[in-house]
1. Karplus couplings for the stretch 213-221 from phi (6.51 cos²θ - 1.76 cosθ + 1.60, θ = phi - 60°), rounded to Hz, Gly and Pro as x?
2. Assuming 0.36 nm per residue, please report the length gained on full extension of the stretch Glu120 to Asp40 beyond their Cα-Cα distance.
3. Which whole-percent values make up P(r) of the chain when all C-alpha to C-alpha distances are grouped in 20 Å steps starting at zero?
4. Rank these by accessible area, largest first, 1.4 Å probe: Ser146, Ser286.
5. Can you give the longest run of the chain that contains no trypsin sites (Lys or Arg not before Pro) sitting in a DSSP loop with at most 13 other Cβ atoms inside 10 Å?
6. How high is the FRET efficiency from Ile347 to Thr288, r the C-beta distance, R0 60 Å, rounded to 0.05?
7. Where a Cα-Cα gap under 17 Å defines reach, which lysines qualify for Lys372, not counting those fewer than 8 residues away within the same chain?
8. 222 nm [θ] for the chain, helices only, -39500 (n - 2.57) per DSSP H run of 4+, per residue, to 500?
Amino acid sequence: MSYFPEVTAKIKYEGKDSKNPLAFKYYNPEQTVAGKTMRDHLRFSIAYWHTFMGGGQDIFGLPTFAHSWHHSSDPLDRAKHTLAAAFEFFEKLDVDYYCFHDRDISPEGSTFAETQKNFEIIINMAKDLQQSSGVKLLWGTANLFSHPRYAQGAGTNPNAHVFAYAAAQVKAAIDATHVLGGENYVFWGGREGYETLLNTDMKHEQTQFARFLHMAVDYKKKIGFEGQFLIEPKPKEPTTHQYDTDAATTLSFLREYDLLDHFKLNIEANHATLAGHTFQHELAVSATAGKLGSVDANRGDTLLGWDTDQFPTNLYDTTLAMLVILEQGGLGSGGLNFDAKPRRTSIDDIDLFYAHIGGMDAFARGLLAAQKIIDDGVFSRFISERYASYQSGIGKDIMAGNFSLEKATAWIAENGEPTRKSARQELLENILNQYI
Ligand code: XUL
Ligand code: CO
């Protein structure tokens, strides 16, 4: 049985002049770029929740998609069909990785035990499908935000009973990720934030959230799970104030609560926009701290201002993102996970293919442009010259900690006014355009 009968073969690279909508124009998985295949550079991953569980619903409207794998009225049967459709999709799109939440891959039961039973059945099936297809798990995570019990948070819930429920759910999700050989495990603080300080003890919530994460770190060590723990910053939606607002805030939280050694960040493009930053900024803040672990590749719509989770198509964004990724030496155990959904008007199953093909081509072009920028030393040469005064004389003393306010006063008395230099922004932007 096929869920995607219109796609009769694996999607292939046909080059930029191809008119075939079911072909890659730029993503050529086996093409080598700076000693590594495009496949290994980009490590594409499919987000289970959007691609297979998304129905096209939004806050004003009902689902618009009618996927064949959702037809069964029995939740577990539906989950099995969905999993089979997912692996057919991974193989036809020729993508090596996927990501899931516990509650999108398997249904919530009427008790905790029944939920765990469902999860176990589906995880066993996923294990077999991974083995037969060679597709791997980039990361697993727990959905601690959809169920009404989590309305006031999970690790930050004012009720310890809810905290315990969330902790038990995370244990099962880490176990599943471990069994499936997941390369990472993600914590997105869905409802870990607050709406009003009139009912919130902020210090308490942050401290209990840190306890939650420490418990996960202890458990990871105990079972020998080698995957990387990741935190995914997001500034708002669903709560007004999220504790993991952006990369800098999250790094500071991890440092304050002695968690920094155990986590890296999963940076999502649309979350960066919502935080009032560029995607490149959030990637660079993480990479500068040695903490850029993985990427949720999508884009927002600045005219709408909410988390639209669109597929990435902007070549400036993909090029500048790949520049940061290449400069830090690649994605490591992370990947480019398409946390993105087709618009609710793109109602056909085939639209899922078009959407992913476009995103993959956009990142392939970003990779090629970024590598050329690096090879030509375009910006790196300018930047090192811009800071050259710190290589000798007083600059060297400043960086070595051998300067002081008194020395500065004496030195300025002798040397006077500095010579001003242009930062050349427009020229550099013109040069960037030559590479896009
Ligand atoms: C929500 C979001 C999540 C995380 C995983 O905005 O991005 O899907 O990626 O929980
Ligand atoms: Co995400």
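1. 5, 4, 4, 5, 4, 4, 5, 4, 5
2. Once the chain is fully extended between Glu120 and Asp40, it gains 25.7 nm.
3. Each 20 Å bin holds this share of Cα pairs: 23, 54, 19, 3, 0.
4. Values: Ser146 80, Ser286 0 Å².
Largest to smallest exposure gives the sequence Ser146, Ser286.
5. Details: sites that count: Lys10, Lys16, Lys19, Arg420, Lys421, Arg424.
After excluding every exposed loop site, the longest remaining stretch is 20-419.
6. Values: r = 42 Å, r/R0 = 0.71.
In this case the efficiency is close to 0.90.
7. Straight-distance partners of Lys372: Lys36.
8. On the way: 16 runs with 201 residues, N = 436.
For the chain, the value works out to -14500 deg cm²/dmol.
The values are calculated or read from the model by the stated rules, or taken from the named source; none is laboratory data. What you see is a predicted model; the values in this text were computed from it and never measured. As a convention, Cβ positions derive from the backbone with ideal geometry for all residues, glycine included, and neighbour counts pool all protein chains shown. For the accessible areas, the whole protein counts, side chains as well, though only heavy atoms, and no ligand, DNA or RNA atoms are used. Shrake-Rupley method; radii C 1.70, N 1.55, O 1.52, S 1.80 Å.
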